[in-house]
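The values are calculated or read from the model by the stated rules, or taken from the named source; none is laboratory data. On a predicted model such as this, the values are computed, not experimentally measured, just so you know. No Cβ is skipped: glycine too gets one built from the backbone with ideal geometry, and neighbour counts run over all protein chains shown. Side chains are part of the model used for accessible areas, which takes the heavy atoms of the whole protein and leaves out ligands, DNA and RNA. Shrake-Rupley method; radii C 1.70, N 1.55, O 1.52, S 1.80 Å.
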Amino acid sequence: MPSWSQKFIIYPIQGLVAWGLNIFFYLLPLDIASATGGWLGRTVGPKLKVSNTARRELARVFPKLNNNEIEKIVIGMWDNLGRTAGEHPHLDKFNPYEENSRVEVLGAEIIDQARDDNLPGIAFSGHLANWELGPLASTKRGLPLRLVYRRANNPFFDRLLQRARASTGAEYLPKGAEGAKDIVRSLSKGEHIAMLVDQKMNDGVMIPFFGREAKTAPALAQLALRYKCPVVPVQVERLKGANFRITVHTPIQSPDTGNKKADIIRMMTDVNKHLEDWIKQKPEQWLWVHNRWPID
C-alpha cells in the first residue's frame, strides 16, 4: 500500500510531470517526438542511480565487455526508452499493414492461422524496442488480443498509459485475481492473450536466463498446458528512429510428458532462450534497469 505522502504528494507530482511530457510529445511530429525523447533519455538516464543496476547486470551477462562498451549499451538503452516515451502518444499512427508503414511484420501467416483456427492461443514478448507496438501485428490483422499487464504503482501514470494503449485495439487485463479470471474465460472461449514475460516474479520458478538462475513467472506455461494451445514468440526490434520490425516466430508447442512440473520448466526454459536470443541481437533495446537476477 502506498504511504500518505506517495498517494497525495509524490504520485500527483509524478503524474503531472508525465502528463505534461506526454502533451509535449503529442504536439510534436512523430519523428521529432521520438528523436527528442531519445535525446532526453541519453542526457538524463545514464546519470540516474538506477543505471547502476543496468551496468551491474550487463557486466555479469557479458563479462567480456569493457566499461566503455557497457556504457555505450546503457546510453543506447536510455535512447530507446526515451524514444518509446516520445512515441507513446503517437501509437495511433502505427499500422503495420498500411502502405509505406513504419512497422514491418514478418510471419504474418502465423497470425492468419491463429485467427482462423478457432483455437485459443498465447503470444509472448519482452520489454524490447517499443514493446507497445507488438499487439498491432495481431489486432490490425483481424485477430483480437487481450494483453496481460502490470498496473503502474502510480494511478495517474497508469491512466496515461492506458489512454494511449487504447489505439492498439487490444484489451488490457491487469495482473491479479480479477485479471486471472478474465484470462481463463478468454482461453476457455478460444480467444488469444499476450504477455510480457521478461521480468522477475518474486514467487516464480527458477529458470536459466543467460546462464544464471532467474525467478520466472510460470503462468504462460501453466495456461498453455492447461488449454493445450501453442505459444507464439513475438519479437519487436527498433530499426532506425521510429521504424520497427515485428517478427512472429514459429509457435512453441506445449510439451506433454505427463510430468507437469517438468513440462513447465521445459517450456519456460524455451521461452527464456527466445528472449536471450533477441536481447543478444540488440542489447541496447532491452530494459536492463530491472533487477532480473538475485544479487550474488
Two-decimal ratio, the stretch 137-271, of alpha-carbon radius of gyration to 2.2 N^0.38 Å: 1.12
Each residue of the stretch 254-268 in order: what ³J(HN,Hα) in whole Hz does its phi give by Karplus 6.51 cos²θ - 1.76 cosθ + 1.60, θ = phi - 60°, with x for Gly and Pro? 5, x, 8, 8, x, 9, 4, 4, 5, 5, 5, 5, 4, 5, 5
Residue separation times 0.36 nm, minus the C-alpha to C-alpha distance between residue 153 and residue 203: what's the value? 16.1 nm
Positive-pole candidate from 241, 197, 221, dipole of the stretch 184-253, charges at beta carbon: 241
Output ordering of 87-100, 56-69 (per-residue mean of other Cβ within 10 Å, highest first) is 87-100, 56-69
Solvent-accessible area per residue, Å², over the chain with all protein chains present [probe radius 1.4 Å]: 51
In nm, give the distance between the simple-model label positions of residue 7 and residue 52, each being 7 Å from the Cα along the Cα-to-Cβ direction. 3.2
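Counting only protein heavy atoms and a 1.4 Å probe, tell me what percentage of the stretch 101-257's accessible area is made up of carbon and sulfur.
Details: 3650 of 7080 Å².
For the stretch 101-257, the apolar C and S fraction of the accessible surface comes to 52 percent.
Please give the direction-averaged projected area of the C-alpha convex hull for the stretch 16-138, in square nanometres with one decimal.
Working: hull surface 41.9 nm².
Averaged projected hull area, Cα only: 10.5 nm².
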Sites residue 71 and residue 280 - FRET efficiency at Förster radius 22 Å, r taken between beta-carbons, to 0.05: 0.75
Before anything else, pin down the relative contact order of the chain: Cα pairs under 8 Å, at least 6 apart, normalised by residue count, whole percent. 22
Most fluctuating residue given options 267, 206, 77, as computed from a GNM of the chain linking Cα atoms under 10 Å: 206
